[in-house]
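Below is one structure; the comments refer to it alone.
The values are calculated or read from the model by the stated rules, or taken from the named source; none is laboratory data. In this text, all values refer to a predicted model and were calculated from it rather than measured experimentally. FYI the Cβ positions are ideal-geometry reconstructions off the backbone, even for glycines, and counts take in every protein chain you see.
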Amino acid sequence: MTVINWRDSYNTGVAQFDREHHKIVELIDVMFAAIRDKSGKEVVEKACNEVLSYTGYHFENEEKAMQSVNYPDLKEHIDEHNRLKAEALQFQMKINADSPEGTTEFYRFLREWLVEHIQECDKKYGPYLNGAAES
Ligand SMILES: [Fe+2]
């Protein structure tokens, strides 16, 4: 089973970032399975680190791309990334502390990141990065 069923409405239209979003979903699935199957603290922590480090890498790629086209909402978008990163770190600390709240936080993070961030923030950069928007 997978945690997130990808919907077409999650696509930004920017091939690289759609691929990267899929990769993040895959890594989240690995982490979810590790938690669900009680694979052990080490495995869960490793999976969690992978989600976070790949997400950090992905955010940097998005920020560079938006910068390169003088994307008008760049600052707001970076602020949002920073907010998500801060939230993810909180979540990671709970996971590392073996807190039962860790999994609840995990779902909250997923919902926020996918449903809100991709659909509300990332989709807006699509036309700019594909050169279709008037600036
Ligand atoms: Fe983003």
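At a glance:
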item: Odd one out for residue 51 among (1) β-branched (Val, Ile, Thr); (2) more than 16 Å from the ligand (Cβ to nearest atom); (3) assigned to a helix (DSSP H, G or I); result: (2)
item: Selection status of residue 74, in contact with a helix residue (DSSP H, G or I) (Cβ under 8 Å, 6 or more places away or on another chain) and without any contact (Cβ under 8 Å) to a residue 12 or more places away in the chain; result: yes
item: Residue in segment 85-96 that is in contact (Cβ under 8 Å) with a residue 40 or more places away in the chain, over 14 Å from residue 117 (Cα atoms), surrounded by fewer than 18 Cβ atoms within 10 Å (Cβ to Cβ) and in contact with an Asp or Glu (Cβ under 8 Å, 6 or more places away or on another chain) present; result: yes
item: Those helices (runs of 4 or more DSSP H) lying entirely in segment 66-133 with at least 3 residues within 16 Å of the ligand (Cβ to nearest atom), under 19 Å from residue 8 (Cα atoms) and at pLDDT 90 or above; result: 123-129
item: So residue 122, is it under 25 Å from residue 36 (Cα atoms) and of a type in the set (D, E, K, R); result: no
item: Scan of segment 27-42 for residues that are exposed (fewer than 14 other Cβ atoms within 10 Å of the Cβ) and either within 16 Å of the ligand (Cβ to nearest atom) or of a type outside the set (Gly, Ala, Ser) (or both), ordered by number; result: 36, 37, 38, 41, 42
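The rows are residues; the columns are (1) under 18 Å from residue 120 (Cα atoms); (2) more than 16 Å from the ligand (Cβ to nearest atom); (3) assigned to a helix (DSSP H, G or I).
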site: 6; (1), (2), (3): yes, yes, no
site: 46; (1), (2), (3): no, yes, yes
site: 57; (1), (2), (3): no, no, yes
site: 63; (1), (2), (3): yes, no, yes
